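Below you'll find the structure, written out as C-alpha cells, and then a few comments.
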C-alpha cells in the first residue's frame, strides 16, 4: 500500500485528507502537537483497515521529523508528503507594525523551514517511490496583500517558492503548492475570531476532491488552487 506522511493531521484539512486517503487504502503517518486529539483521529481512521501511526510533536523539532520519516520507512517508504501544519505568527492576526518578530520567526519556522526539513529527511524515500509526491498547503495570502495577513502570507510565499524550486530540482517527483481556498478551520477562527463574513465557510472536507484529483491526474509540478481543480468534479 502507498504511504503518506501528513502534518497537522488531527483536525481540519489534514484530518479530512487523511480520511480520504485511508478510504483509498493508504497507510498513514500522522503528526500534530496535541497527542490526545491526534490519537482519537488515528483510531477513527483505523476503522478503514489501514495502518495508522500517530506521532505527536512539533514539526520544528529535527528529531520529530526524523521519527515521522522513520515510521513511514517501516511501513514501506514515503509516497506522499503533505506539509499541512501551520502557524499564524499572531493570534488574532495584527498589522505588520504590531507583529511580534518572534511570531514571524515562528510562522517561518513552522510553515517554511520545517516543511523543507521534512522534505530533506524524506527525499531519499520519495525518489525511490516511483510516484513520489510533495504537497505544500499554501494560501491566497501568499499571493495577495491582505491587511493583517502579512506575516502568515510571507511564510506561505516562502513555502510556495521552496515548492517551486524543489519541483525544478527534482523532475522525478510531483511537487504541488496547493491553495485550498477559504475553509472553516480552527486556524482561521484563531486568525480572525470576530469575522463577520457573508455566510459560513466551506468545511475542509469539501476541498479534498481537489487533492484527490491531483493524485489521480498527476499534473506537472506547480501551484494549484483547489476551487479551480474542483470545477467539473462531482
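The values are calculated or read from the model by the stated rules, or taken from the named source; none is laboratory data. Given the structure is predicted, the values throughout are model-derived calculations rather than measurements. With ideal geometry, Cβ positions are generated from the backbone for all residues, glycine too; neighbour counts draw on all protein chains shown.
Worth a mention:
- From 214, 187, residue being buried (at least 16 other Cβ atoms within 10 Å of the Cβ) and at pLDDT 75 or above: 214
- Residue 145 being loosely packed, with under 14 Cβ neighbours inside 10 Å, without any contact (Cβ under 8 Å) to a residue 60 or more places away in the chain and within 19 Å of residue 225 (Cβ to Cβ): yes
- Failed criterion for residue 63 (all others in (1) at pLDDT 95 or above; (2) in contact with a helix residue (DSSP H, G or I) (Cβ under 7 Å, 6 or more places away or on another chain); (3) farther than 21 Å from residue 176 by Cα hold): (2)
- Candidate set from region 1-49 (those that are in contact with a strand residue (DSSP E or B) (Cβ under 7 Å, 6 or more places away or on another chain) and surrounded by fewer than 18 Cβ atoms within 10 Å (Cβ to Cβ)); member that is farthest from residue 71 (Cα to Cα): 34
- Residue match in region 102-122 (condition: in contact with a strand residue (DSSP E or B) (Cβ under 9 Å, 6 or more places away or on another chain), at pLDDT 95 or above, within 12 Å of residue 6 (Cβ to Cβ) and not in a helix (DSSP H, G or I)): no
- Residue count for region 74-108, restricted to those that are surrounded by 15 or more Cβ atoms within 10 Å (Cβ to Cβ) and in contact with a helix residue (DSSP H, G or I) (Cβ under 7 Å, 6 or more places away or on another chain): 19
- Cβ pairs under 8 Å, 6+ apart, first in region 169-181 and free of Cβ contacts under 8 Å to residues at least 60 places away in the same chain and at positive phi, second surrounded by fewer than 17 Cβ atoms within 10 Å (Cβ to Cβ) and in a helix (DSSP H, G or I): 181/140; 181/227
- Among (1) in contact with a helix residue (DSSP H, G or I) (Cβ under 7 Å, 6 or more places away or on another chain); (2) under 15 Å from residue 166 (Cα atoms); (3) part of a helix (DSSP H, G or I) - the single one residue 141 does not satisfy: (2)
- Residues of region 50-67 classified as part of a loop (DSSP other than H, G, I, E, B) and touching a residue at least 24 places away in the same chain (Cβ under 8 Å), total: 6
- Whether a residue is within 30 Å of residue 128 (Cα to Cα), in contact with a strand residue (DSSP E or B) (Cβ under 6 Å, 6 or more places away or on another chain) and touching a residue at least 60 places away in the same chain (Cβ under 8 Å) was assessed, and residue 83 passes this test.
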